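The values are calculated or read from the model by the stated rules, or taken from the named source; none is laboratory data. Source: prediction; values computed, not measured. Every residue, glycine among them, receives a Cβ derived from its backbone with ideal geometry; neighbour counts consider all protein chains shown.
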Amino acid sequence: MRELRHGVWHWTAPHPEWDASEPWGPEVSSYAIDDGERLLLFDPLAVPDEVLDGDREVLIVLTAPWHERDAESLVERLGAKVFTAPRDSAQQLMEQFGLTAEQAGDGSPDILWLTDADKTGRPDGIEVFPGHKHNDRVYWIDGKRAVVVGDTLVDFGDGLHINERWLTGDMTRAQVVEGLRPLLDKPVELVLPAHGAPADRAALERALRA
């Protein structure tokens, strides 16, 4: 674990479902941000104990429902609130991935353990931008000049970029860029992806270059 700046931590952990056929490596990134009143855990996996020291309210923020990782156990342990987009319905799975109704079943199993009362859209004070899927989110934290990009921007070893292999349906790279371009009007200093190391504004500008 390392502190990127005061109140912003990054660490990596092995993804429990990693497969060698994936374009990304076995280690994935998680982040914690202390905004002065709350501790925000982004896509948390194997959270270091020292991050959780203190009496702050803990909030879990998922960039996508499939990044639930250790969220359930943290809710049980800490009583934390979870902020996430909805999981994919059966119809959405069929439209995105060409599945049959039988294959889609009751929809994605992600965050099934959460009830509607246990989750909400986003924490106060955080701005949300559209990601590369309808339920993938990008979060801007103004007080830390940081943007958490989840799967929308990744670095598999060759720089931060939009992974076009993960685009589904009618979504295009140009549409993703258009949705994220307003970030370039922000004073971005840190870019925090789920796959790859933290990056800077210059990397964001390159990734969104038309």
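Points to keep in mind about this one:
- When the stretch 39-50 is limited to residues that are over 20 Å from residue 154 (Cα atoms) and at pLDDT 95 or above, the one that is farthest from the chain's Cα centre (by Cα) turns out to be 48.
- Residue list for the stretch 160-172, filter: under 18 Å from the mean Cα position of the chain (by Cα) and without any contact (Cβ under 8 Å) to a residue 60 or more places away in the chain: 160, 161, 162, 164, 166, 167
- For the stretch 156-177, a residue qualifies if it is surrounded by fewer than 21 Cβ atoms within 10 Å (Cβ to Cβ) and either among the aromatic types (Phe, Trp, Tyr) or over 26 Å from residue 94 (Cβ atoms) (or both), and the qualifying residues are 156, 157, 158, 159, 161, 166, 177.
- Residue match in the stretch 142-156 (condition: within 24 Å of residue 26 (Cα to Cα) and among the polar types (S, T, N, Q)): yes
- Scoring residue 13 on the criteria (1) over 17 Å from residue 199 (Cα atoms); (2) in contact with a helix residue (DSSP H, G or I) (Cβ under 9 Å, 6 or more places away or on another chain); (3) assigned to a strand (DSSP E or B) leaves a single failure, condition (2).
- Pair list, Cβ < 8 Å and 6+ apart or interchain, from the stretch 31-43 residues that are under 13 Å from residue 70 (Cβ atoms) to residues that are of a type in the set (Phe, Trp, Tyr) and outside any loop (DSSP other than H, G, I, E, B): 32/9; 32/42; 41/31; 42/31; 42/139; 43/31
- Restricting attention to the stretch 155-194, the residues being touching a Phe, Trp or Tyr at 6+ places or on another chain (Cβ under 7 Å) and more than 21 Å from residue 126 (Cβ to Cβ) number 2.
- Complete set of residues in the stretch 1-44 that are of a type in the set (A, V, I, L, M) and either surrounded by fewer than 16 Cβ atoms within 10 Å (Cβ to Cβ) or within 21 Å of residue 126 (Cα to Cα) (or both): 1, 4, 8, 20, 32, 33, 39, 40, 41
- Selection count where residues are under 17 Å from residue 197 (Cα atoms) and aliphatic (A, V, I, L, M), scope the stretch 20-45: 5
For every residue, the table says whether it meets (1) more than 23 Å from residue 13 (Cβ to Cβ); (2) in contact with a His (Cβ under 6 Å, 6 or more places away or on another chain).
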site: 158; (1), (2): no, no
site: 165; (1), (2): yes, no
site: 176; (1), (2): yes, yes
site: 184; (1), (2): yes, no
site: 187; (1), (2): yes, no
site: 196; (1), (2): no, no
